[in-house]
Amino acid sequence: PPVREDVPKEEWDQIEEDIEAKMSEKAYRLKSAMLKDLCDLFDVDRRAPRGKTLITKDDLVDRLLNFLGEPKESMTKTAILAKERKAGGGGKGKGRRGSKGAMIAPKKGKYSAASPDSSSGAATP
């Protein structure tokens, strides 16, 4: 809500805190699946923090309410992934591409025409 001139700042801060508490209570009543859907809808990053494998409901609620309270592009998944790619791949993605490239590359000579398995039947010394 917009700040009104006739309301003192201290009172306005208390009103904002009450609104935030009410919204967080409502958000905690939602199931994790719904919170994840809302994060996806608003493009809020819902990946687990570094060093953890799962994201908690508390983290989801905090990220979602922080974004809804003051939306910033830097909080979106798109912006975070772009920043990670620009900074050097973000860890996971770069390693997968390297190992995938090594896995699909054929071994030298295995599929060449000069190999003993070729259809010509001619063996090379």
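Tabulated data
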item: Count of region 49-65 residues which are open to solvent by 70 Å² or more (accessible area, probe 1.4 Å) and part of a loop (DSSP other than H, G, I, E, B); result: 5
item: Hits in region 31-48 (condition: without any contact (Cβ under 8 Å) to a residue 24 or more places away in the chain and either outside any helix (DSSP H, G or I) or surrounded by 12 or more Cβ atoms within 10 Å (Cβ to Cβ) (or both)); result: LYS31, MET34, ASP37, ALA48
item: Any hit, region 49-57, residues being of a type in the set (S, T, N, Q) and free of Cβ contacts under 8 Å to residues at least 24 places away in the same chain; result: yes
item: Given (1) open to solvent by 100 Å² or more (accessible area, probe 1.4 Å); (2) modelled with pLDDT of 90 or more; (3) over 13 Å from the mean Cα position of the chain (by Cα), number of the condition TYR28 does not satisfy; result: (1)
item: Matching residues in region 45-62 - criterion: being within 17 Å of ALA33 (Cβ to Cβ) and either out of contact with any helix residue (DSSP H, G or I) (no Cβ under 7 Å at 6 or more places or on another chain) or among the polar types (S, T, N, Q) (or both); result: ARG47, ALA48, LEU54, ILE55, THR56, ASP58, ASP59
item: Close pairs from region 9-20: first more than 16 Å from LEU65 (Cα to Cα), partner open to solvent by 80 Å² or more (accessible area, probe 1.4 Å), Cβ under 8 Å, at least 6 apart; result: TRP12/VAL3; TRP12/ARG4; ILE15/PRO1
item: Region 66-97: number of residues that are modelled with pLDDT under 50 and either under 30 Å from ALA21 (Cβ atoms) or open to solvent by less than 100 Å² (accessible area, probe 1.4 Å) (or both); result: 3
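The values are calculated or read from the model by the stated rules, or taken from the named source; none is laboratory data. Bear in mind that the values here come from a model prediction, so they are computed numbers and not experimental data. Cβ sites come from the backbone with ideal geometry, for glycine too, and all protein chains shown count toward neighbours. Keep in mind that these areas ignore ligands, DNA and RNA; they rest on the heavy atoms of the full protein, side chains included. Shrake-Rupley method; radii C 1.70, N 1.55, O 1.52, S 1.80 Å.
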